[in-house]
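The values are calculated or read from the model by the stated rules, or taken from the named source; none is laboratory data. All values derive from a computational prediction rather than experimental measurement. So basically every Cβ, Gly included, is an ideal-geometry build from the backbone, and we count neighbours across all protein chains shown.
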Amino acid sequence: MRKQKITISVIGGSKITPKVKVLAESVGGMVAELGCVLVCGGLGGAMEAAAQGAQMAGGLTIGLLPGKNKIDANSYIDIALPTTIGYARNAMVACSADIIIALPGSFGTNSEICYGLVYKRPVIDLGRWNMKGMIPAKNVSEAKDKIKKIIKKLQDA
């Protein structure tokens, strides 16, 4: 039986629309409600909104920062971990996760999705990426149901 907490990386763009902000906050809240730890890149946009949602729901947030300064983390990050490796930290964001939730984004998000798939992490698609190997979800509720099944498998392993 697994003793470590489940980590869920929430990935998405640093520049987001108001609609994606609401989605990211909802996803962050869902991660916390499931009793999981939210991991993200620690900066703005979807990362900040997801961390805010998680904190509002009583969850724990970890930000894997590209630079060397903890102060760069958004204000909703509980544990800021500077990596000093720039965009290469995207591999860490993906690989530190038991599960990845992909929101709308750009090249950085795409790279995290690809790392997740290469390293055989379940990647939930809430950003309409439609990439082979991802697990599509129409909304947060459907994503939550799929994540619960994955968590059960992880805990039973």
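Is it the case, given these coordinates, that residue 135 is more than 15 Å from residue 38 (Cβ to Cβ) and in contact with an Asp or Glu (Cβ under 8 Å, 6 or more places away or on another chain)?
yes
Given (1) farther than 16 Å from residue 6 by Cβ; (2) surrounded by fewer than 24 Cβ atoms within 10 Å (Cβ to Cβ), where does residue 58 come up short, assuming only one miss?
(1)
Spot the failing condition for residue 47; the list is (1) touching a residue at least 40 places away in the same chain (Cβ under 8 Å); (2) in a helix (DSSP H, G or I); (3) farther than 26 Å from residue 153 by Cα; (4) touching a strand residue (DSSP E or B) at 6+ places or on another chain (Cβ under 8 Å), and only one is missed.
In the conditions (1) touching a residue at least 40 places away in the same chain (Cβ under 8 Å); (2) in a helix (DSSP H, G or I); (3) farther than 26 Å from residue 153 by Cα; (4) touching a strand residue (DSSP E or B) at 6+ places or on another chain (Cβ under 8 Å), residue 47 misses (1) alone.
Taking residue 80 and the conditions (1) under 22 Å from residue 134 (Cα atoms); (2) part of a strand (DSSP E or B); (3) of a type in the set (A, V, I, L, M, F, W, C), which numbered condition does it fall short on, given that it satisfies the others?
Going through the list (1) under 22 Å from residue 134 (Cα atoms); (2) part of a strand (DSSP E or B); (3) of a type in the set (A, V, I, L, M, F, W, C), residue 80 breaks only (1).
Before we move on, is residue 6 surrounded by fewer than 19 Cβ atoms within 10 Å (Cβ to Cβ), touching a Cys at 6+ places or on another chain (Cβ under 6 Å) and either under 25 Å from residue 118 (Cβ atoms) or in contact (Cβ under 8 Å) with a residue 24 or more places away in the chain (or both)?
yes
Mind telling me which of the residues 104, 82 ends up being at pLDDT 95 or above, in contact with a Gly (Cβ under 7 Å, 6 or more places away or on another chain), over 24 Å from residue 22 (Cα atoms) and not small (Gly, Ala, Ser)?
82
Report whether or not residue 88 is under 18 Å from residue 117 (Cα atoms), more than 15 Å from the chain's Cα centre (by Cα) and not in a loop (DSSP other than H, G, I, E, B).
yes
In this structure, is residue 53 buried (at least 21 other Cβ atoms within 10 Å of the Cβ) and not in a helix (DSSP H, G or I)?
Against the criterion (buried (at least 21 other Cβ atoms within 10 Å of the Cβ) and not in a helix (DSSP H, G or I)), residue 53 does not qualify.
Count, please, the residues in segment 9-35 that happen to be assigned to a loop (DSSP other than H, G, I, E, B) and either among the basic types (Lys, Arg) or crowded, with 24+ Cβ neighbours inside 10 Å (or both).
Number satisfying all stated conditions: 2.
Within the group 63, 67, which residue is more than 23 Å from residue 152 (Cα to Cα), of a type outside the set (A, V, I, L, M, F, W, C) and part of a strand (DSSP E or B)?
After applying the criteria, what remains is 63.
Does residue 38 meet the test of being modelled with pLDDT of 95 or more, part of a strand (DSSP E or B) and surrounded by 18 or more Cβ atoms within 10 Å (Cβ to Cβ)?
In short, yes.
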